[in-house]
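Written out below as structure tokens is the structure these notes cover.
The values are calculated or read from the model by the stated rules, or taken from the named source; none is laboratory data. Quick caveat: nothing in here was measured; it's all calculated off a predicted structure. Ideal geometry is used to build each Cβ from the backbone, glycine not excepted, and the neighbour counts take in all protein chains shown. For accessibility, only protein heavy atoms count, side chains too; no ligands or nucleic acids. Shrake-Rupley method; radii C 1.70, N 1.55, O 1.52, S 1.80 Å.
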Amino acid sequence: MASALSDRLSRIVKEMRGQARITESNVTDMLREVRMALLEADVALPVVRDFIARVKEKALGQDVVGSLTPGQVLVSVVNRELAATMGDGVSDINLAAQPPAVILMAGLQGAGKTTTTAKLAKHLIEKRKKKVLTVSGDVYRPAAIEQLKTVTAQAGAEWFPSSPDQKPLDIARAALDYAKKHYVDVLLVDTAGRLAIDEALMREIQELHGALNPVETLFVVDAMQGQDAVNTAKAFKDALPLTGIILTKMDGDSRGGAALSVRQVTGAPIKFAGVSEKIDGLEVFDAERHAGRILG
Ligand code: GDP
């Protein structure tokens, strides 16, 4: 286990005590450690480079006051920049739409879309007092439709039936129609995922987006995906106007660098974190806490 970034920096800067400023000459070694810490946390390389450049710019010329060392000052600059990059205070779900507000769930297979759809349903019922309907557009995997039915029941939401012989677009339209007639506040649409990016699937979800006009298009991504999360995020961002990110499997032992990568690539806010397989394992994303986790 690598030691915490602050320890490593303090080792480097031992000889530097008494320097009053962070300068080009004393920052280089420290930034190398920051870079290592980010790479160890599985932040993607181009994202790391970009981030380091920003930190360097902010750190240079910072006064080192009182009992602080240059290392401590740099750690706080890094922390602040990480938290600011990952969080922008927009955390909850936007429901500012003529009901039913539609939420489209996007992501690779296995990312946790179906589980997260039910978690979100529970959240919206309990915290926002909404009437929630879920529907699955995953006509390729009958088991996925059944899975959504099961977890929706656990969430205490209503489930709209669909079957593999239907077209996703028809399912979505039927669900929307039902939602309107039954005064549903929020319609959560779970979609098919592939193990890798797939053009036909991207077209399908784009069509769904066009037909449903969702108020939220959420990209669900597995925090354990590490470096690959960047490519996945890019592909979904190019296909859809993402409005938010949900990072799943944060209870795993990854340092969660994917959060920084995905946030930077999509520009969309990270709204929630999945923290267990259970239906109540969804937390509002806390950027500051997560910054600390990434830095180790
Ligand atoms: P989908 O293919 O994207 O719909 O993914 P699923 O919802 O079926 O989830 C895939 C697996 O990940 C399942 O075994 C879930 O229980 C698990 N899972 C989803 N979210 C989390 C989470 O936040 N933490 C943990 N530990 N497991 C999760």
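What is the dipole size for the chain, taken about its Cα centre, with +1 at each Lys and Arg Cβ and -1 at each Asp and Glu Cβ, in debye to the nearest 20? Intermediate values should be presented prior to the final figure.
Details: 37 positive and 37 negative charges, 99 e Å.
Taking the Cα centre of the chain as origin, the dipole is about 480 debye.
Just how far, in whole angstrom, is the stretch 136-196 from the stretch 32-49 if you go by their alpha carbon centroids?
Rounded to whole Å, the Cα centres lie 39 Å apart.
What percent antiparallel are the DSSP beta bridges of the chain, to the nearest 5?
Details: 4 of 28 bridges.
For the chain, the DSSP antiparallel bridge percentage is about 15.
Restricting things to alpha carbons, find the Rg to Rh ratio for the chain using the Kirkwood radius for Rh.
Taking Rg over the Kirkwood Rh, I get 1.07.
On full extension of the chain, what length is gained from Glu146 through Arg54, given 0.36 nm per residue of separation minus the C-alpha to C-alpha distance?
Details: separation 92, 0.36 × 92 = 33.12 nm, distance 4.68 nm.
Extending this stretch completely gives an extra 28.4 nm.
Students often check this: by mean Cβ neighbours within 10 Å, which of 134-142, 250-258 ranks highest, and how do the rest follow? List each step's numbers first, then the result.
Details: 134-142: 21.7, 250-258: 19.6.
The most tightly packed comes first, giving 134-142, 250-258.
Take the stretch 36-102, drop everything but the C-alpha atoms, weight them equally and run the Debye formula without solvent; then report log10 I(q)/I(0) at 0.15, 0.17, 0.25, 0.27 Å⁻¹ to two decimals.
Ignoring solvent entirely, the Cα scatterers give -0.63, -0.73, -1.13, -1.22.
In the chain, carbon and sulfur make up what percent of the accessible area (probe 1.4 Å)? Mind showing how you got there, number by number?
On the way: 6680 of 13290 Å².
Heavy-atom surface of the chain belonging to carbon and sulfur, 1.4 Å probe: 50 percent.
Determine the alpha carbon to alpha carbon distance for each of Lys180/Lys234; Lys129/Lys167; Lys127/Lys181; Lys131/Lys234 and list only those over 28 Å.
On the way: Lys180/Lys234 33 Å; Lys129/Lys167 31 Å; Lys127/Lys181 24 Å; Lys131/Lys234 33 Å.
Listed pairs above 28 Å: Lys180/Lys234; Lys129/Lys167; Lys131/Lys234.
Connecting C-alpha atoms closer than 10 Å in a GNM of the chain, tell me which of Ile145, Ile205, Ile197 has the biggest fluctuation.
With Cα springs under 10 Å in the chain, the top fluctuation among Ile145, Ile205, Ile197 is at Ile197.
For an R0 of 30 angstrom, estimate the FRET efficiency from the Cβ-Cβ distance between Lys180 and Lys278 and round to the nearest 0.05. Walk me through the numbers on the way to the answer.
Values: r = 32 Å, r/R0 = 1.06.
Given R0 = 30 Å and the Cβ-Cβ separation, E is 0.40.
Which lysines have a Cα lying under 17 Å from the Cα of Lys237, excluding residues fewer than 8 positions away in the same chain?
Within the straight-line limit of under 17 Å, Lys237 reaches these lysines: Lys113, Lys271.
What FRET efficiency comes out for Asp165 versus Ala84 if R0 is 41 angstrom and r is the Cβ-Cβ distance? Round to the nearest 0.05. Intermediate results must be reported in sequence, preceding the final value.
Numbers: r = 49 Å, r/R0 = 1.19.
About 0.25, to the nearest 0.05.
Hey, what's the stretch 165-296 come to in accessible area per residue, 1.4 Å probe, Å²? Could you put the intermediate results ahead of the total?
Working: 5650 Å² over 132 residues.
Accessible area per residue, the stretch 165-296: 43 Å².
Given a 10 angstrom Cα cut-off, can you work out which residue in Asp170, Asp42, Asp222 is the most mobile in a GNM of the chain?
Looking only at Asp170, Asp42, Asp222, the biggest GNM fluctuation is shown by Asp170.
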